[in-house]
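Single-structure report; data block below.
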């Protein structure tokens, strides 16, 4: 039997991509006229509160998800992927240096690379495949007659627990937990980070930072052109 491979699991939004693929995609779908312009009103308040540091980023993301889920129904896959390809041609290189180089180095060392994100799989596939990821997990939106989105999300419970995804991939792809790595930026990534041997907290939010400090996990910060470890 072939020797099990080492693996590394990465969150994507805010960890490799220097924004949120879902936010950028929602904005692009509005700009292209596939989502109504008034959709922005539904997340404008939470965006302003986050921008002014009056509320958490999580609330803003929740509102973006609500808008995306409500408006994707009836959109054709062809129109959708056209917007995705245009967006990625413009913004695919907006990545953090630390995590981008970590992905490249681990790939060279033979690691099996896993991407796990709450963004739509349609955009994750294009962004992550170019970086060399072997397995990509994201929200999978159902297609109905005429290749149009129904608005339903397939197996949404799977993406809700990143640790379960890791255990599943390890078993299916003949991977080993020995030397395993995971990189995340928010408290939602804690189950994934706990599931591996070498967790890395990158630009963490407060909840993840406190948890990392308690568990003596490494914390890496990339600010402007400086990368440093604070834990």
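I'm trying to understand the selection: among the residues of the stretch 86-97, which are under 19 Å from residue 33 (Cβ atoms), exposed (fewer than 14 other Cβ atoms within 10 Å of the Cβ) and touching a residue at least 40 places away in the same chain (Cβ under 8 Å)?
Of everything in the stretch 86-97, just one residue is under 19 Å from residue 33 (Cβ atoms), exposed (fewer than 14 other Cβ atoms within 10 Å of the Cβ) and touching a residue at least 40 places away in the same chain (Cβ under 8 Å), namely 86.
Got at least one residue in the stretch 69-92 being within 30 Å of residue 173 (Cα to Cα) and not in a helix (DSSP H, G or I)?
yes
Out of curiosity, is residue 60 in a helix (DSSP H, G or I), surrounded by 13 or more Cβ atoms within 10 Å (Cβ to Cβ) and touching a strand residue (DSSP E or B) at 6+ places or on another chain (Cβ under 7 Å)? Steps first, answer last, please.
Details: in a helix (DSSP H, G or I): yes; surrounded by 13 or more Cβ atoms within 10 Å (Cβ to Cβ): yes; touching a strand residue (DSSP E or B) at 6+ places or on another chain (Cβ under 7 Å): no.
No.
From the residues in the stretch 10-33 that are out of contact with any strand residue (DSSP E or B) (no Cβ under 9 Å at 6 or more places or on another chain) and more than 19 Å from residue 140 (Cβ to Cβ), which one is surrounded by the fewest Cβ atoms within 10 Å (Cβ to Cβ)? Walk me through it before giving the result.
Let us first name the residues in the stretch 10-33 that are out of contact with any strand residue (DSSP E or B) (no Cβ under 9 Å at 6 or more places or on another chain), namely 26-33.
Add one more test, that the residue is more than 19 Å from residue 140 (Cβ to Cβ), and what stays is 27-28, 30-33.
Numbers: 27: 16, 28: 19, 30: 17, 31: 13, 32: 14, 33: 10.
It comes out as 33.
Each value in this text was obtained by applying a stated rule to the coordinates, not by laboratory testing. Fair warning: this is a prediction, and the values are worked out from it, not measured in the lab. In this analysis, Cβ positions are derived from the backbone assuming ideal geometry, glycine residues included, and neighbour counts consider all displayed protein chains.
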